[in-house]
Amino acid sequence: MEFYDVVVVGARSAGASTAMLFARAGYRVLLLDRVRFPSDTLSTQHIHRPGLRLLKSWGLLGRLVETGCPPVRRISYTVRDVRLEGRVPAEEGIDAVYAPRRYVLDSLLIEAAVEAGAEFREACTVNGVLAENGRVTGVRLRTPRGAPAEVRARLVVGADGMRSTMAGLFGARMEREDAPMTCAYYGYWERLPAQFEVYERPGRLIGVVGTHDELTLVAAYFPQSEFVAVRRSPAQAYLEALRTTAPELAARADMAGRVERLRGTGSQLNFFRQACGSGWVLVGDAGCHKDSITGTGISDAFEQSARLVGSVGDELHDTAALDAALLRYETSRRQLLEPRYDMALESAKLQVPDERMDFLRWIASDPESAEAFLSVAVSHVEAGRFSAPTP
Ligand SMILES: Cc1cc2nc3c(=O)[nH]c(=O)nc-3n(C[C@H](O)[C@H](O)[C@H](O)COP(=O)(O)OP(=O)(O)OC[C@H]3O[C@@H](n4cnc5c(N)ncnc54)[C@H](O)[C@@H]3O)c2cc1C
């Protein structure tokens with residue numbers, strides 16, 4: 001039987017980054033995914049600033065830019081008659097928003113994991129765990145040819161997404177669950193020059209950002225209560241959302257052309273699962289999934305990987321120390337994600353209360369405050385840095 005220090009199940013933002021970091025720390029790592037890459041996945045692709053900072057520190061932001069991912073340097077936020085507009089704030093050498101196609105980003109992360117020494121096997125589906133005396137000691141999988149195989153590891157990482165098989169196999173408890181609040185549809189447009197744009201009205205949110213191949217991604221969010229109706233005629237609902245929420249964008253879109261199929265989902269699940277146990281740990285959507293409206297999932301996955309590998313450090317070979325490190329990771333993950341989870345649920349209400357309109361009007365009159373507000377929108381999680389002007 002093969003033996004690794006770490007087996008990571010799932011090879012996208014959470015799994016590939018975790019595999020890369022464990023391999024860079026000198027561990028023997030096996031990274032598995034049931035699909036073949038390059039492979040696309042549902043995502044509006046925007047990487048928040050903390051995620052960009054990590055990509056940069058890992059030496060991968062420059063490589064991402066070299067793939068043709070365009071830097072988007074202006075941002076606007078429009079709610080009814082109020083529009084805030086400005087430059088994307090520069091910080092630590094990052095002065096743009098990036099929204100890479102997922103088949104580019106995820107492959108780049110896998111490449112980086114392999115360069116660091118991780119072994120990557122695609123088209124391998126994990127369907128069981130090995131356990132001894134209540135401790136997870138490895139995985140069972142089906143190889144690309146359908147043959148069963150077993151791999152042992154000191155640590156098994158479940159990075160297999162929202163509907164995590166690994167969470168079920170580990171017996172991870174559901175710790176918090178909230179009802180889905182939105183559904184989302186998005187499409188790609190050519191000849192639609194755009195900055196990073198967000199439009200809101202009660203019941204609708206539109207997000208716009210440039211991506212690879214000179215395409216612009218335009219996403220529309222609706223209340224979950226409308227999902228059945230929206231799913232019946234998504235293209236019609238999507239265009240109606242554009243016209244009624246962002247008429248100026250809809251006019252630009254009339255001169256442009258939509259390419260590829262419209263993608264969408266109503267599975268905007270909101271939950272926290274227990275993140276670790278004896279010999280196992282969950283990262284990314286497997287451990288916590290929240291409404292995608294704030295678009296922080298990729299960035300959050302990177303931060304969880306960094307915290308997990310930082311927490312384990314060189315203690316992987318000492319069972320008691322490893323278990324303590326996993327518990328430290330679990331606490332730190334909760335502290336990191338809980339405010340973002342609450343913020344996502346708040347945004348997912350798709351409400352525009354009068355107080356927000358008053359506040360926006362107030363800061364719109366002061367360009368410096370408007371830029372500070374927009375910088376919070378890009379970083380999203382550092383609201384403490386924004387101090388409102390005195391009236
Ligand atoms: C509509 C929508 C829009 C979004 N927009 C954004 C955005 O703008 N910005 C942002 O940051 N985030 C966004 N997200 C969220 C983001 O995509 C995820 O949070 C992020 O990609 C987390 O990735 P992950 O690696 O945890 O899981 P996933 O991306 O789900 O990857 C899991 C991997 O595990 C593999 N796998 C599953 N089961 C097995 C198994 N049994 N054996 C082997 N492999 C397995 C799968 O094939 C898959 O490749 C959006 C999500 C949605 C749905």
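The values are calculated or read from the model by the stated rules, or taken from the named source; none is laboratory data. Keep in mind that what you see is a predicted model, and the values were worked out from it rather than measured. Positions of Cβ are generated from backbone atoms using ideal geometry, with glycine treated the same way; all protein chains shown enter the neighbour counts. Note: accessible area is taken over every heavy atom of the protein model, side chains too, but ligands, DNA and RNA are not part of it. Shrake-Rupley method; radii C 1.70, N 1.55, O 1.52, S 1.80 Å.
Annotations
- Checked against the criterion of being in contact with a helix residue (DSSP H, G or I) (Cβ under 9 Å, 6 or more places away or on another chain), within 16 Å of the ligand (Cβ to nearest atom) and in contact (Cβ under 8 Å) with a residue 12 or more places away in the chain, the candidates VAL82, VAL104 yield just one match: VAL104.
- Condition check for VAL8: open to solvent by 20 Å² or more (accessible area, probe 1.4 Å) and near the ligand (Cβ under 10 Å from one of its atoms): no
- Leading residue by the ranking (least open to solvent (accessible area, probe 1.4 Å)) among those in the range 168-189 that are aliphatic (A, V, I, L, M) and more than 19 Å from ASP291 (Cα to Cα): ALA172
- Residue in the range 241-255 that is under 28 Å from ARG173 (Cβ atoms) and either open to solvent by 10 Å² or more (accessible area, probe 1.4 Å) or assigned to a helix (DSSP H, G or I) (or both) present: no
- Test: residue in the range 55-74 that is away from the ligand (no atom under 16 Å from the Cβ) and open to solvent by less than 10 Å² (accessible area, probe 1.4 Å): no
- Among (1) assigned to a helix (DSSP H, G or I); (2) open to solvent by less than 30 Å² (accessible area, probe 1.4 Å); (3) within 14 Å of the ligand (Cβ to nearest atom), the one test that ALA112 misses: (3)
- Condition check for VAL281: open to solvent by less than 30 Å² (accessible area, probe 1.4 Å) and among the aliphatic types (A, V, I, L, M): yes
- ALA11 meets the conditions (1) at pLDDT below 95; (2) among the small types (Gly, Ala, Ser); (3) over 30 Å from PRO89 (Cβ atoms) in every case but one. The failed one is (1).
- The range 284-340, subset more than 16 Å from the ligand (Cβ to nearest atom) and assigned to a loop (DSSP other than H, G, I, E, B), residue most open to solvent (accessible area, probe 1.4 Å): ASP314
- When the range 156-167 is limited to residues that are open to solvent by less than 40 Å² (accessible area, probe 1.4 Å) and more than 14 Å from LEU32 (Cβ to Cβ), the one that is farthest from the ligand (Cβ to nearest atom) turns out to be ALA167.
- Yes/no for ARG145 being at pLDDT 95 or above, basic (Lys, Arg) and in a strand (DSSP E or B): no
- All positions within the range 125-142 that are open to solvent by 40 Å² or more (accessible area, probe 1.4 Å) and either closer than 14 Å to VAL8 by Cβ or within 12 Å of the ligand (Cβ to nearest atom) (or both): ASN127, ARG140, ARG142
- Scanning the range 299-325 for residues that are of a type in the set (A, V, I, L, M, F, W, C) and within 15 Å of LEU21 (Cβ to Cβ) turns up ALA301, PHE302, ALA306, LEU308, VAL309, VAL312, LEU316, ALA325.
- In the range 1-108, counting only helices (runs of 4 or more DSSP H) that sit wholly within it, the ones holding 2 or more residues that are farther than 29 Å from LEU205 by Cβ span 13-24, 61-66.
- Options VAL29, VAL82; residue that is touching a strand residue (DSSP E or B) at 6+ places or on another chain (Cβ under 9 Å) and surrounded by 15 or more Cβ atoms within 10 Å (Cβ to Cβ): VAL29
- Close contacts from the range 232-247, counting a first residue that is closer than 15 Å to CYS183 by Cα and touching a residue at least 12 places away in the same chain (Cβ under 8 Å) and a second that is among the aliphatic types (A, V, I, L, M) and buried (at least 22 other Cβ atoms within 10 Å of the Cβ), with Cβ to Cβ under 6 Å and a gap of 6+ residues or different chains, come to ALA237/VAL230; TYR238/ALA220; ALA241/ALA220.
- Check on GLU122, open to solvent by 20 Å² or more (accessible area, probe 1.4 Å) and in contact with an Asp or Glu (Cβ under 9 Å, 6 or more places away or on another chain): yes
- Within the range 264-283, if we keep just the residues that are in contact with a helix residue (DSSP H, G or I) (Cβ under 9 Å, 6 or more places away or on another chain) and near the ligand (Cβ under 8 Å from one of its atoms), the residue that is nearest to PHE22 (Cα to Cα) turns out to be VAL283.
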